[in-house]
Amino acid sequence: MITPAFELTQDPDFLTVKIRVPYARASEFDVYFEGEDFKFYAKPYFLRQASHFFVCRLTLPGRIVEDGREKASYNTDEGIGTFTIRLPKEVPGQYFEGLDMLTSLLAPKKSRSAKPLVEELAASAELSDENEEEFDWEVEQIPYEESTPPLQHPYGFGNLRSGVFQRLQDELSDVIDIKDPDQTPPEERRRKRLAAEAAKFEPDHYLADFFEDEAIKHLLKYKPWWIDAHKKMTALQGESHQEHDSPAFVVFSEEEREQMRKFTNKSYLLDKRSRHHVYLGLIDILLAYCYEIRVNEGDKNVESSWNIRKLSATLCWLESFSSIQDVLVSYGRRVLCYPLYRHFGLVTRAFNDTVMILQLGKAAVLKCLLDIHKIFRESDPAYILNDLFITDYCIWIQKVKSKKLAALCESLQKATLSKSHMGLELEELEAAAVLVQEEEKALKAAGTVSKQQLLCSESETSDSEESSSTSSSETEGSDSDEQESSTSEDGEINSFQGTLQEERTAPLIDCNGLRQGTNTSGLEVGDGKSKVSLQSTTPPGKLVEELEMQIHSAMRISEQPEGLATAGCISQEQEENPVPEPDRFSEDAAGKGNFLEVSPKPNPLLFLCSTNEDED
């Protein structure tokens with residue numbers, strides 16, 4: 001039998017069932033309805049065996065009645081045959097809840113006891129053994145027998161599973177963080193989870209997102225689909241006091257409807273403690289999903305599966321929570337430790353988003369779970385989490401009473417979450433970081449002030465230099481006049497000093513024109529008409545004798561004061577009015593020689609001449 005695609009709608013008086021059956025024979029279909037039961041049979045063209053039919057067997061949430069107002073039609077305008085059946089309600093105006101929970105409508109109600117299910121599985125196992133008795137394998141095959149030893153600890157939806165990861169060791173590290181979950185009790189799982197979160201927390205990453213929050217602010221402004229649906233629901237509830245369910249605001253896609261039809265409808269035997277764990281695990285999974293939708297702005301990527309399972313301790317550590325506060329603290333810590341954006345604003349926003357989803361009802365919750373199921377189905381290692389949690393959640397949520405879900409939402413709204421609950425010293429880190437920022441700002445401000453003062457001092461210095469240069473230019477004008485006058489005076493003084501220096505550095509010359517320190521010297525002597533060049537060829541021994549004779553003659557000349565005065569006058573006249581060398585020395589009529597003082601420095605030897613040298 002093939003289950004066709006179907007959907008149910010309602011108005012105050014009628015329930016409408018639409019069934020799409022491709023290539024069906026309109027003349028060969030049957031409809032049966034009574035009370036809460038609805039059955040549809042149709043035979044397709046391409047199936048020749050009579051045992052193959054399109055069968056739609058539904059258990060309705062309310063009662064319908066056959067009173068002559070029922071109506072059926074067949075339409076092929078869209079290319080696919082669609083049967084539309086309108087059935088009158090037994091109680092006009094009654095609201096049928098959960099018409100979009102297709103999985104819960106597929107099969108008739110069964111006993112909630114687990115015994116028939118066990119018997120059915122055992123019977124099918126025996127039948128399969130009989131059919132495959134003659135088949136022989138080359139290698140002996142030993143089928144896996146799942147058992148639950150006393151030391152194994154359960155996990156999964158309602159803690160109904162165990163021993164799964166013993167045969168899935170290769171996928172274990174890619175799906176969950178805990179090692180050997182079958183041998184790890186819940187208390188040890190929590191202790192290891194808290195230790196791993198504390199080791200993973202990075203203060204630098206948190207403070208970077210805390211101060212540089214431009215991207216975070218952009219993500220916080222994103223509006224997912226449930227915000228608009230919640231606004232519409234709130235507006236409608238304000239206008240009318242009539243009870244409305246979320247299907248008026250939550251619409252399932254055809255892909256989501258197809259997935260619901262593929263689920264197997266079944267009941268879950270859960271005790272009170274297990275139901276408590278299931279509700280709290282639902283909150284944890286929805287919080288992780290809300291974070292994923294917000295940070296990726298509704299788009300899916302390769303990290304979507306990782307984000308959901310990593311932020312949910314229910315999925316990643318197989319955690320069983322005992323209170324709503326524990327769920328919120330676990331989620332907040334994991335947001336601040338693992339994903340790319342680690343901001344407390346994302347924690348509180350996901351908290352508000354989860355409240356909105358729960359207020360929209362189980363249809364909104366189911367839509368989120370179906371999206372998670374699709375994300376995990378398309379991720380190779382994460383499909384295990386569908387088998388452990390998400391598929392069961394998708395089936396279970398369709399049968400949950402709306403009142404219980406509303407009570408869960410109210411309890412969640414009353415819960416509070418702050419940074420101090422995280423146990424990561426967030427407030428101390430932020431206070432220390434703010435203090436460091438203030439100190440840096442103070443240092444920058446001090447540096448700015450010092451730079452301004454330096455610039456002011458430099459400007460003042462430049463102004464003073466300009467004023468000093470102006471005054472110096474004025475003084476230079478006056479000093480230039482003084483310098484010119486002093487220059488003329490200095491010229492006279494320098495010329496006088498130069499004359500003295502020439503006298504000090506001039507070689508000693510005797511009256512015969514011989515220069516001290518030289519063997520030969522040339523001196524022009526004459527009376528103005530003739531020039532005679534005298535050259536000394538006297539040997540050293542004879543020179544000493546001549547020196548001795550000259551000393552005696554000098555002693556004789558020095559006794560005559562008139563001659564000294566005459567020599568002094570002649571030397572002074574030569575300094576003031578230089579004359580040619582032939583005119584410097586002359587002989588008087590008496591034939592006496594004149595005394596010549598060459599240098600003011602004391603000299604050990606004075607070369608003198610006498611008028612009697614020529615005669616010798």
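The values are calculated or read from the model by the stated rules, or taken from the named source; none is laboratory data. It should be emphasised that the depicted structure is a prediction, and the values quoted were computed from it without experimental measurement. Cβ coordinates were reconstructed from backbone atoms using ideal geometry, including for glycine residues, and neighbour counts include every protein chain displayed. Please note that ligands, DNA and RNA were not included when accessible areas were found on the heavy atoms of the full protein model with its side chains. Shrake-Rupley method; radii C 1.70, N 1.55, O 1.52, S 1.80 Å.
So the values come out like this:
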item	result
Inter-residue pairs, beta-carbon under 8 Å, first under 16 Å from residue 205 (Cα atoms) and without any contact (Cβ under 8 Å) to a residue 40 or more places away in the chain and in the range 417-440, second open to solvent by 50 Å² or more (accessible area, probe 1.4 Å) and hydroxyl-bearing (Ser, Thr, Tyr), 6+ apart	427/420
Single residue of 62, 93, 98 found to be open to solvent by less than 60 Å² (accessible area, probe 1.4 Å), at pLDDT 85 or above, closer than 18 Å to residue 399 by Cα and not assigned by the TED database to the domain that holds residue 253	62
Breaking point among (1) closer than 21 Å to residue 394 by Cα; (2) surrounded by fewer than 23 Cβ atoms within 10 Å (Cβ to Cβ), for residue 294	(1)
Which listed residue, of 57, 86, is within 60 Å of the chain's Cα centre (by Cα), open to solvent by 70 Å² or more (accessible area, probe 1.4 Å), modelled with pLDDT of 90 or more and within 23 Å of residue 258 (Cα to Cα)	86
Candidates 219, 172, filtered to the one that is part of a helix (DSSP H, G or I), assigned by the TED database to the domain that holds residue 386 and not acidic (Asp, Glu)	219
Single match in 341, 383 (criterion: more than 25 Å from the chain's Cα centre (by Cα), open to solvent by 30 Å² or more (accessible area, probe 1.4 Å) and aromatic (Phe, Trp, Tyr))	383
Residue within the range 351-372 that is at pLDDT 95 or above, under 28 Å from the mean Cα position of the chain (by Cα) and of a type in the set (A, V, I, L, M) present	no
Filter result (outside any loop (DSSP other than H, G, I, E, B) and of a type in the set (D, E, K, R)) within the range 361-409	362, 367, 371, 374, 377, 387, 392, 403, 404
Residue in the range 133-154 that is modelled with pLDDT of 70 or more, touching a Leu at 6+ places or on another chain (Cβ under 8 Å) and not in a loop (DSSP other than H, G, I, E, B) present	no
